[in-house]
Each structure stands twice: as C-alpha cells, then as structure tokens.
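Nothing in this text is a laboratory measurement; each read-out follows from the coordinates by a stated rule. Only a predicted model underlies this, so the values are computations on that prediction, with no experimental measurement involved. In this analysis, Cβ positions are derived from the backbone assuming ideal geometry, glycine residues included, and neighbour counts consider all displayed protein chains.
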Amino acid sequence: MNNRTDHGYLVLADVSGFTAFVTTTELEHGSEIIAALLDEVIAHLSPPLEVQEIEGDAVFALAGADSGLARTGLLEVLDAAFVAFKTRQRAMLDEETCRCGACQQIWRLDLKMVVHHGPFLRHTVGGRSRVTGTAVILVHRLLKNGVARRGGYALLTEPVVRSLGMDAARDGLPAHTERYEYLGEVRCFVRDLAAPHPTLSPVGRG
C-alpha cells in the first residue's frame with residue numbers, strides 16, 4: 001500500500017445557490033453555466049493548489065507540505081479564484097441573450113470557500129490518488145455552516161489563521177463557531193472575498 005501522511009491546506013470552493021439553481025432551471029444550460037464558472041475557479045486554484053476532486057458544485061483542492069505554496073500566497077490564490085468567478089459571471093450576464101430560466105438566473109450564484117489546515121493521509125484507490133482523515137471530514141462538514149452573510153466569503157478555521165500568522169482582530173475577521181458530532185467545537189473566522197464588481201442583480205435585465 002502506498003500510504004503517507006501529509007500536512008497542509010485543504011480548500012473547498014463551493015457555488016452558493018447551486019441546489020436552487022439546478023432544481024428550478026433547465027438542466028442543459030444550467031450544467032453548462034456551472035461547469036464554465038467552476039473551470040474559472042479551477043484554473044486559478046491550480047497551480048499552486050492540487051485539485052483533488054470535482055464534487056458537483058464544489059472543487060476540493062489542497063496544498064501539501066511540499067507544495068511550495070508561500071504562506072502569504074494562499075489568500076491571494078483564493079481572491080484570484082473568486083475574482084475569476086465573478087468576472088466570468090459578469091461576462092455571461094452581459095453577453096447572454098437566451099431567455100431560459102438558467103441563463104436568466106446566473107446572477108443568483110455566488111462562491112464561498114472553506115479552508116482548513118491539518119494532517120491528512122494520502123493513499124491510492126483504483127489507481128487514483130485520494131486523501132482521508134479527520135481534516136478532510138471537517139472541511140467538508142464546514143460547507144454546511146451557519147454563517148449569515150450574503151456574497152462571497154472564505155471561512156478559515158483557527159489552524160489556518162495561526163499558520164498564516166494572521167491577527168484576526170487586526171485583520172477584521174469576525175469569529176464564528178460551529179459544532180459537529182464527533183468533531184466537537186470548531187472555531188473559525190470569516191473573511192470577505194474581494195470582488196471587483198458591484199453587487200449583481202437582475203435590475204436592467206429586460
């Protein structure tokens with residue numbers, strides 16, 4: 001067996017509003033829209049992050065101990081992926097002439113990211129690289145959180161903030177706590193993702 005323990009950042013970039021979008025709009029165009037937006041996110045996460053899996057409306061990526069990712073570079077990577085998402089979304093809105101439900105609802109989508117820092121086990125299943133461990137479970141659980149915030153955000157666990165040498169109070173990061181069965185209390189901090197565009201809305205889309 002080819003198992004080894006690694007340590008680093010685990011990132012889940014998730015399209016907010018996905019469930020409502022795909023269940024109330026046309027399947028064909030809806031899938032194309034989500035794929036195009038996720039392509040932009042992936043292109044800006046990797047490199048330097050390693051894309052582990054595409055999970056429907058989310059991208060699971062990580063940076064192990066030997067990734068070469070500079071400590072100060074992680075937030076820049078997250079911001080760049082978010083900006084790319086919003087830029088592509090705006091372009092779709094400006095260029096779209098299709099009147100189907102999916103194309104008219106693009107503006108409702110947003111991007112949130114969950115980031116954890118910790119150990120994980122690398123192993124191979126069916127010839128494909130996989131990662132497992134408590135850190136992997138935790139970052140996935142954090143997708144379902146109680147953050148009451150509109151717009152894009154990054155939910156950083158306390159180990160991430162510590163590893164980046166950040167001062168949450170100085171950097172204006174509100175604290176947020178989640179609690180999960182078997183995992184206990186998880187202390188996090190919420191960081192607004194930088195968007196270069198004004199808030200998207202259907203106003204003016206005749």
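Couple of notes before you dig in:
- Working from label points 7 Å from Cα in the Cα-to-Cβ sense, the ALA65 to ASP192 distance is 3.8 nm.
- Simple label model, 7 Å out from Cα along Cβ direction - ASP167 to TYR180, nm: 3.1 nm
- Segment 27-69 and segment 121-189 have Cα centres spaced 17 Å apart.
- Dipole magnitude of segment 34-122 about its Cα centre (Cβ charges: Lys, Arg +1; Asp, Glu -1), debye to nearest 20: 180 debye
- Relative contact order of segment 60-155, defined on C-alpha pairs under 8 angstrom at six or more residues apart (%): 24 percent
- In a simple Cβ point-charge model (Lys, Arg +1; Asp, Glu -1; nothing else charged), segment 24-176 has a dipole of about 560 debye relative to its Cα centre.
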